[in-house]
Amino acid sequence: MSGIELKRADNIAYREAIPDDAHDDPVLLVHGFPQSSYMWRHLMPALADAGRRAVGPDLPGYGDSPPDPPGTWERHVDALERFRRDVGLDRVVLINHDWGGLISMRWALDHSIPLSGLVISNTGFFPDGEWHGLGRALRTQGQGEALIGSMSREGLADMLGQLGSGFDSDAVDEYWKGYATEDRRRGVLELFRSGDFSKLAPYAGELGELGVPTLVLWGENDDYAPVDSAHRFDREIPHARLVIVEGAGHFVWEDDPERCAREVVAFLGDGG
Amino acid sequence: MPGLEVKQGGGLSYREASPERPAGDDPVLLLHGFPESSYMWRHLMPEIAAAGRRAIAPDLPGYGDSAPDPPGTWERHVAAVGRFRAALGLERAALVVHDWGGLIGLRWACDNPGAASAIVVSGTGFFPDGKWHGMANMLRTEGEGEQLVSGLDPTGMTRMLRAVGRGFGDQAIDEYFKAFTSAEGRQGILDLYRSGDFEKLEPYRGKLAELGVPMLALWGEDDVFAPPAGAYRFRKEVPGTEVVVIEDAGHFMFEDAPERCAREVVEFLGRAGS
């Protein structure tokens, strides 16, 4: 099994798994909220074993990447493009989750990134999207400050423990980094407050027009990004492959890492 | 200045300030909101007593030093206020309410016409078309609410309160954190929010106006939970309501601007003459 290295490109910390014999396009993995590239710890070695270089950045303000204010959606899109240049990625397979989907799919479309495969998981990319309760509260002036401020490490542990089955103490420590300082908490509010789904109107239909092999991989029991959205991606992207992971929730990569890795590796092997 | 005593009565812990020279007016009953306790009235109560009135403020069940009395629903709190009033023999009182204390206290006042002789409302609502703010919606949602209350520690409580108010000292935060220290208390908070269906106020349409008592709507200009439009809504529903919006104060204006709030309340009660 290949190992994961922790590296840094300019201000962006990232994880990388390198195969002994790379023979296909590398894979770029973009995490969501409130996580970091640590969420890909199970998947990345499996990708390397399948002959793929796997690269997962910590977005600014999460994991080991320092914040780069303001922490808006647009700034994350820019950061991802800078990261791509810094580490020298060209054609990639893109795998994303949650906010990582909103950020990376916008990035791929804005910068006409050549994708040889796309894996979409428990996110959304629809101009008529609506924020879940937590998102709405974080987006509200004052309340968001109160809410993000109320979070403790133990609170995060409780929250993640209720939402998923794969979070051990190391994972909580890792994801707590996103809340640990005032400027990071501010960045979370900036992220959610910049998250107007109406900004996606210009992108309507574009994912489907890419003609990129796509896997829609979804944890079935998700209150944040309900499984309806998986079916919608499946409808809007021609020839997409849909995999609903039963018994998994929003944090599907934590809940059922083996199944997720198997599905992704199989998808890539079939020409994804 | 009269001091505050902490007492027990009607199954609740309460604070009381007694005037040295009673003026013969109705006592004042003060009902706190969430996530506070009668400690929120610590600045106001001595001023009320100095103006010749007895001031009484219970900790609602599960808050401050009052034990939870499950379930912690809106209706149970209304009943608790009724029992407290009976135990203390408060025939008529001027009512001062904030936040959830408003939803509870106004419902109680409408259920018991004659019990309130004047009303001060602040940072609350009482209308069937009301909409919950985002944090309340989270508390009302299965799963999200449990995460929110069980995850709160004293540091988080401190940050949360100081994000929305500038008057919270360490002692206040310790006091208000009491509601979160037991599983029963935390469940009571969820019970409260989850029982807070504004449709329940449908039968109360017009009832506040029918009470025919003087009313003051005292509001923090920067209230992010119950925006100041709520003050004007009270005036629309209850013609003659006085509206005072306090600048540089938010939802927790009794903490943010205690002197100004005390002056407004005491002067209003003097004018109301009940």
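Could you check segment B:58-90 and list, in sequence order, the residues that are over 23 Å from B:Arg194 (Cα atoms) and without any contact (Cβ under 8 Å) to a residue 12 or more places away in the chain? Listed by number, the list holds a single entry, B:Gly89. Residue count for segment A:42-82, restricted to those that are aromatic (Phe, Trp, Tyr) and buried (at least 24 other Cβ atoms within 10 Å of the Cβ): 1. Filtering segment B:137-160 to residues that are facing chain A (nearest Cβ under 9 Å) and of a type in the set (A, V, I, L, M, F, W, C) leaves B:Met138, B:Leu148, B:Leu152, B:Met157, B:Met160. The helices (runs of 4 or more DSSP H) located wholly in segment A:113-215 that include 3 or more residues which are crowded, with 18+ Cβ neighbours inside 10 Å and within 13 Å of chain B (Cβ to nearest Cβ) occupy A:133-139, A:143-150, A:153-163, A:182-193. Residues of segment B:140-155 that are in contact with an Asp or Glu (Cβ under 9 Å, 6 or more places away or on another chain), part of a helix (DSSP H, G or I) and closer than 16 Å to B:Glu36 by Cα: B:Pro154 alone.
Name the one entry in B:Pro58, B:Pro35 that is within 26 Å of B:Asp170 (Cβ to Cβ), under 17 Å from the mean Cα position of the chain (by Cα) and surrounded by 24 or more Cβ atoms within 10 Å (Cβ to Cβ). Only one candidate qualifies: B:Pro58. For the condition outside any helix (DSSP H, G or I), farther than 23 Å from B:Arg92 by Cα and over 18 Å from the mean Cα position of the chain (by Cα), B:Asp248 qualifies.
Selection of segment B:111-126 for residues being of a type in the set (A, V, I, L, M, F, W, C) and under 16 Å from the mean Cα position of the chain (by Cα) yields B:Ala116, B:Ala118, B:Ile119, B:Val120, B:Val121, B:Phe126.
For segment B:126-136, a tally of residues being in a loop (DSSP other than H, G, I, E, B) and more than 7 Å from chain A (Cβ to nearest Cβ) returns 7. Quick one: is B:Gly62 in a helix (DSSP H, G or I) and in contact with a helix residue (DSSP H, G or I) (Cβ under 8 Å, 6 or more places away or on another chain)? It is false that B:Gly62 is in a helix (DSSP H, G or I) and in contact with a helix residue (DSSP H, G or I) (Cβ under 8 Å, 6 or more places away or on another chain). Give the residues of segment B:179-201 that are assigned to a helix (DSSP H, G or I) and β-branched (Val, Ile, Thr), sorted by residue number. Answer for segment B:179-201, where residues must be assigned to a helix (DSSP H, G or I) and β-branched (Val, Ile, Thr): just B:Ile189.
Within segment B:209-217, can one find any residue that is on the phi < 0 side of the Ramachandran plot, under 17 Å from the mean Cα position of the chain (by Cα), within 14 Å of chain A (Cβ to nearest Cβ) and modelled with pLDDT of 95 or more? No, segment B:209-217 contains no residue that is on the phi < 0 side of the Ramachandran plot, under 17 Å from the mean Cα position of the chain (by Cα), within 14 Å of chain A (Cβ to nearest Cβ) and modelled with pLDDT of 95 or more.
The values are calculated or read from the model by the stated rules, or taken from the named source; none is laboratory data. The shown structure was predicted, so the numbers you read here are calculated from the model rather than taken from an experiment. Here the Cβ is made from the backbone with ideal geometry for all residues, glycine too, and neighbour counts use every protein chain on show.
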